[in-house]
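Reviewing the structure listed below.
No value in this document is a laboratory result; all are computed from the given coordinates. Quick caveat: nothing in here was measured; it's all calculated off a predicted structure. Cβ coordinates were reconstructed from backbone atoms using ideal geometry, including for glycine residues, and neighbour counts include every protein chain displayed.
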Amino acid sequence: MANVEQAQPKKGPSLIIQLAALLVMTGAAIGMGWVAGGYLKQGEAPTPVPAAPENAGTAEKPAEGGKPAAGPAVVQLAPITTNIASPSEVWIRLEASVLYDAPQPPEMTDQIHQDLVAFVRTLKLHQIEGASGYQHLKADLDERAALRSGGHVKQVLIRTMLLE
């Protein structure tokens, strides 16, 4: 008989105490979430949307002296259509633009275009596969354009890239 009495499970905390602990834990989680949300939202401030200028949709007037205003300039390159190095039966069409820090002569754009054509011809398909391959290609194009322009190209903007 002694074994039967020992085999009975011990009673744990009552149901009311378990519910009270659950409510306390839920309240603490809600409070911590509210504090964390307030902390994270503290740095955010809605930015006002600037109004459209009055001369929107019209061509910009050149600055005094007939020269265009200095500032960033985006120049579209002629499309690059060529085959890649390996496999040689794969063709690539790349449409890109360059972002200059200031307007540059068209000769510089032509030199950059020719350099990018020469570079694209050396690519292998496995080098440009996937998202990381695209990022490496973009970094290489940015670097080559910046070197060719003497640092005037800030970015090469790839508009389309098609492999066939």
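Computed from point charges on the beta carbon alone (+1 for Lys and Arg, -1 for Asp and Glu), the dipole magnitude for region 73-135 about its Cα centre is near 200 Debye.
Over the C-alpha atoms of region 115-161, the Rg to Rh ratio, Rh being the Kirkwood estimate, stands at 0.97. Taking the average, over residues, of other Cβ atoms within 10 Å as the packing measure, peptides 110-122, 76-88 rank 110-122, 76-88 from highest down.
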